[in-house]
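Reviewing the structure listed below.
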Amino acid sequence: MRAKASDTDLGVIKTDVLVVPYFHGEPLGPSAAAADLALDGLLSRMRDDHEVTGAFPSRTVVATLGRISAPRIVFLGLGRPQELDGYRLRNALQFTVLQTRRFCRSLAVLVDDGLVAALAAQDPRQGKPTAVARAIAEGVALGNYHLGQLKSGEDSGAIEELEVLGLGTGTKVADALTEGASMGEVTNRTRVLQWQPSNRLTPTQLAAEAERVAGESKLELEVLDRAEMEKLGMGALLAVARGSHEPPKLVSLRYRPKTKSKSGKVLALVGKGITFDTGGISLKPNAGMVAMKADMSGAAAVIEAMSLIAQMHAPIEVMAVAAITENMPGGGAIKPGDVVSAMNGKSIEINNTDAEGRLVLADALGFAAARGATHLVDVATLTGAVVVALGHSVTAAMGNNPELLEQLRRAGALAGERIWELPFYPEYDIALTCGIADMHNTSGTPGAGSINAGVFLREFISDLPWVHLDIAGTAYHTEALLKTVVPIGPSGVMTRTLAHLPFQMG
Ligand code: BES
Ligand code: MN
Ligand code: ZN
């Protein structure tokens with residue numbers, strides 16, 4: 001998608017659809033008022049008649065019948081200004097594109113200072129013309145993602161040209177638009193991987209995608225097979241892989257800045273890459289199991305983020321480590337009660353084979369530390385409990401380092417992705433207590449399932465600064481009710497946040 005900034009008069013813009021955002025419960029801002037005037041007060045009339053209210057994310061498509069050169073306008077309700085953030089803005093634009101892309105190739109968005117001010121009131125980092133430009137380009141590019149890739153003969157259409165009016169035409173805004181388009185498109189790659197069925201995206205094929213990214217972005221690449229994992233003592237990852245015929249992979253990509261960073265920081269992005277999670281011998285119930293094809297969402301995000309990191313020339317060294325395998329109940333599978341040793345030598349009693357994510361991450365975190373990481377961030381669809389705690393629109397974070405967490409939050413703000421911290425009180429440590437081995441992989445005590453998983457991971461971080469991101473709630477959306485406010489399907493969550501992170505640390 002090409003994206004440009006312009007100051008063309010709204011009456012003469014050459015575009016298939018002009019998007020005019022406006023707020024609920026507020027007088028029309030200058031750009032919406034201008035569009036209203038050009039259509040003889042149509043929007044005001046519809047508002048007076050309570051036909052439209054500006055509720056989030058309402059889209060009212062009207063034909064312009066020659067009054068302006070764009071053949072149609074979408075009046076886009078953004079809700080109340082004090083409730084708008086970068087996440088909601090991107091979602092509103094995604095919905096707009098989903099609704100129009102079948103018959104529109106080009107799209108223009110008409111904004112003004114009111115939109116910038118609304119975002120700035122929420123968070124100064126989101127409320128700059130460049131941040132708003134990036135958000136708009138990302139939202140539109142994200143709207144081009146389509147679910148039906150495997151249907152034959154399906155052409156769902158896509159927006160190829162974006163024009164943004166009202167943010168100025170300076171190079172900074174232009175660059176932000178280009179960057180946003182690219183960030184949205186790379187996020188869509190994560191989404192394609194996430195929704196790929198597990199017979200089409202085996203561990204070998206996910207590793208091949210990492211190889212493609214490494215080749216395209218000139219990154220160093222390391223792919224470990226089963227024998228090499230055995231040599232390194234990765235008993236936890238290998239334990240999960242035993243139930244499957246598909247060979248496991250541990251993939252690592254490494255980016256080095258042209259000039260060595262003074263800080264000497266080496267950030268490792270560690271992703272859970274379970275290409276299908278049946279639960280293993282602790283088999284999951286049938287209902288909803290199909291979504292477990294997306295249990296590699298963390299790995300997909302760290303792999304794709306690397307291409308953005310290379311493209312934007314991050315200032316510090318970054319590696320992505322993806323622990324990739326299926327979790328299957330085959331004849332060789334681990335059984336409840338089995339004891340294994342992770343790469344760092346700690347022994348684990350596996351009392352539930354469905355808590356496999358933390359096992360594969362234990363060795364991936366150990367590997368990252370052994371390869372010289374100074375900072376760790378792991379990303380995983382780790383617990384159903386996080387959905388109970390936070391729902392689907394915010395990612396849970398846990399960790400041992402407030403500075404790294406704050407840097408992630410800032411990165412998240414730039415990306416339009418929400419992050420909320422869960423606590424680690426010492427009382428939670430009881431989750432690990434085990435009479436048989438150093439720890440077990442699930443706590444027998446009810447409650448705080450997401451925190452218990454974090455407490456487990458903390459045993460494998462070699463005392464480095466670390467943040468764990470549980471994306472089980474945000475990686476994809478299937479609930480019918482939810483799809484009215486958040487687009488259905490995979491989200492590519494954390495791809496962009498992770499790409500911004502090294503710049504916050506540099
Ligand atoms: N992949 C699942 C977590 C998950 C659940 C992701 C729902 C997305 C949506 C993970 O491997 C898992 O099975 N976790 C268990 C942990 C339990 C056995 C302690 C869970 O959440 O039930
Ligand atoms: Mn599981
Ligand atoms: Zn899982």
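The values are calculated or read from the model by the stated rules, or taken from the named source; none is laboratory data. None of the values given here were measured: they were computed from a predicted structure. Neighbour counts are summed over all protein chains in view; Cβ atoms, including those assigned to glycine, are modelled from backbone coordinates with ideal geometry. When the accessible area is computed, the model is the full protein with side chains, heavy atoms only, and any ligands, DNA or RNA have been set aside. Shrake-Rupley method; radii C 1.70, N 1.55, O 1.52, S 1.80 Å.
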Net dipole in debye of the range 209-505 [+1 Lys, Arg Cβ; -1 Asp, Glu Cβ; about Cα centre; nearest 20]: 760 debye
When ranked by the protection proxy of mean other Cβ atoms within 10 Å per residue, highest first, what sequence do the peptides 228-236, 478-486, 87-95 form? 87-95, 228-236, 478-486
For the range 2-192: lysine pairs with Cα atoms under 23 Å, gap of 8 or more or different chains, count? 4
What does the extension gain come out to for Ser341 and Met289, with contour length at 0.36 nm per residue minus their alpha carbon separation? 15.8 nm
Hey, what do the phi angles of the range 271-278 turn into as Karplus ³J(HN,Hα) couplings, whole Hz, using 6.51/-1.76/1.60 and θ = phi - 60°, x for Gly and Pro? x, 7, x, 7, 6, 7, 10, 7
Per q in 0.19, 0.20 1/Å, what log10 I(q)/I(0) does a Debye calculation on the alpha-carbon atoms of the range 351-506 return? -1.24, -1.34
Please arrange Thr204, Thr325 by accessible surface area, largest first, computed with a 1.4 Å probe and ligands excluded. Thr204, Thr325
According to a simple spin-label model (label point 7 Å from Cα along Cα-to-Cβ), what is the distance in nm between Asp40 and Ser152? 5.0 nm
Distance from the Cα centre of the range 438-506 to that of the range 91-155, in angstrom? 25 Å
The chain - charge dipole about Cα centre, Lys and Arg +1 at Cβ, Asp and Glu -1, debye rounded to 20: 740 debye
I'd like the antiparallel share, as a percent to the nearest 5, of DSSP beta bridges with both residues in the chain. 40 percent
Dividing the Cα radius of gyration by the Kirkwood radius, what Rg/Rh value follows for the range 209-505? 0.94
Just reorder Phe103, Phe460, Phe23 by solvent-accessible area, largest first, 1.4 Å probe, all chains present. Phe103, Phe23, Phe460
For the range 101-221, what number results from the quotient of the Cα radius of gyration and 2.2 N^0.38 Å? 1.28
With the 8 Å Cα cutoff and a minimum separation of six or more residues, the chain has a relative contact order in percent of 15 percent
Out of Gly271, Gly330, Ser297 - ranked by how far each Cα lies towards the positive end of the dipole of the range 263-346, with unit charges on the beta-carbon of charged residues - the top one is Gly330
For Arg102 and His245 in one chain, what is 0.36 nm times their gap in residues minus the Cα-Cα distance, to one decimal in nm? 47.4 nm
So how tilted is helix 495-505 from the main axis of the chain? Cα-based, degrees 0 to 90, rounded to 10. 80 degrees
Per residue convex hull volume, Cα only, the range 416-506, in Å³ is 143 Å³
Rounded to whole Å, √(5λ) for the Cα gyration tensor eigenvalues of the range 12-153, largest first, gives 22, 21, 14
Could you tell me the extents of the chain's C-alpha atoms along the three principal axes, largest first, rounded to whole Å? 77, 51, 48
Here the gain from full extension of Phe424 to His50, 0.36 nm per residue of separation minus their alpha-carbon distance, amounts to 129.8 nm
Lys262, Lys128, reordered so the largest accessible area comes first (probe 1.4 Å): Lys262, Lys128
